[in-house]
Amino acid sequence: MWWTTPTLLHAIAAPASFSQRQRGRIVCRCLRYVMATARKSWHFAQNIYKAVSRTDDKDPHMPIALITGCSSGIGRALADAFKATGYEVWATARKVDDVAALSAAGFIAVQLDVNDKLALEQLAAGLEHSGLDVLINNAGYGAMGPLLDGGVQALQRQFETNVFSVVGVTRALFPALRRNKGLVVNIGSVSGVLVTPFAGAYCASKAAVHALSDALRLELAPFGVQVMEVQPGAIASSFAKNASHEAEQLISEQSPWWPIRESIRARARASLDNPTPATEFARDLLKAVQHTHPPRLLRLGNGSRLLPLMAWLLPKGLLDMGLRKRFGLNADL
């Protein structure tokens, strides 16, 4: 919280040798932080108020879908598909510009950091009376690069966004889902089934999402809330661009894997290999959501069936041999 920020603590415990001017600067820095935090909370509250106002006037028979991570790619395609079918779509994004674009497109746009507990509480309050029919936990990114280069910090950041947020968002919106006997859709990945080098953190996070989906499906069943796990293959989106950016942050001459850096880059771009259009993915997912009995597991997109089949059929040694050759790990470094 703001009262524990280093700036305020420094102001309180500033050495006597500090001049009045130095103390003043520290206090001013702290006040700017407090004002920025208050402004952010105010803007979020305004968004929720507008959303609730619109919900009060909506058709009581119009189903409500909330989708996280709608700035582009899969999230935006899903938002478009659900809206076109008659859903009231609450679309979230982190950046102000993306939220503005979503609002202009007719969505109930909410600026949301999926790990912000206070923001999630406010979001849940906005859906308290209307309930929620479909929650799609889509927000996430791919941390690429050797596991040991990224270390625990990169792994923790990956899990905070891809894994912990799934539990946090679902927990916050559970009362709304329970009210409408809704459906939770968790976007996993075939990367959580067939693990590849230079994507260890991402693969682990998606494997965790798959396990959490199984647990949630069992635990929420008594409340009439269903859970669907989706394992996409290669889907056309900005994922590869963002993953490449993540990889470049880790690639350095000090890395033991520097000699095969192009293999690391190739793994980050792997989703560009004949990807399924995001609109096609969204259409097929929407169809599954609207089914009388939604599937527990859904695999969509290029490679979504073949890769899990390979992981199941091939002996570990043979699979390792192929992956090592594919990513330049079949020779000493």
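Computed from the coordinates by the stated procedures, all read-outs in this text should not be read as laboratory data. None of these values were measured; they are calculated from a predicted model. A quick note on method: Cβ atoms are made from the backbone with ideal geometry, for glycine too, and the neighbour counts reach across all protein chains shown.
Observations
- Label-to-label distance, nm, for residues given as Leu318 and Arg305 (7 Å Cα→Cβ offset): 2.1 nm
- Prolate/oblate/rounded label for region 62-142 (Cα gyration tensor, a/c 1.5): rounded
- Sparsely packed trypsin sites (Lys or Arg not before Pro) within region 295-329, loop by DSSP, other Cβ within 10 Å at most 12: Arg296
- Dipole magnitude of region 62-326, debye to nearest 20 (Cβ charges: Lys/Arg +1, Asp/Glu -1, about Cα centre): 620 debye
- The Leu329 and Ala84 beta-carbon pair, evaluated with R₀ = 35 Å, returns a calculated FRET efficiency of approximately 0.20.
- GluC sites (Glu not before Pro) within region 239-333, DSSP loop, no more than 15 other Cβ atoms inside 10 Å: Glu253
- The orientation-averaged projected area of the convex hull spanned by the Cα atoms of region 249-326 comes to 7.7 nm².
- Net charge, Leu314 excluded, C-beta distance under 15 Å - Lys, Arg +1, Asp, Glu -1: +4
- Positive-end residue of Val134, Leu307, Ala243, charge dipole of region 62-326 with Cβ unit charges: Leu307
- Neighbours of Arg324, meaning other residues whose beta-carbon lies under 14 angstrom from its beta-carbon, give a summed charge of +2 when Lys and Arg score +1 and Asp and Glu score -1.
- Put in line by how crowded their Cβ is, counting other Cβ atoms within 10 Å and starting with the fewest, His291, His210 read His291, His210.
- Once backbone amide H atoms are built at 1.01 Å from N, Met228 has Val184, Val185, Asn186 as its partners under 5 Å, excluding neighbours fewer than 5 places away on the same chain.
- Secondary structure note: in region 62-326, about 5% of the DSSP beta bridges are antiparallel.
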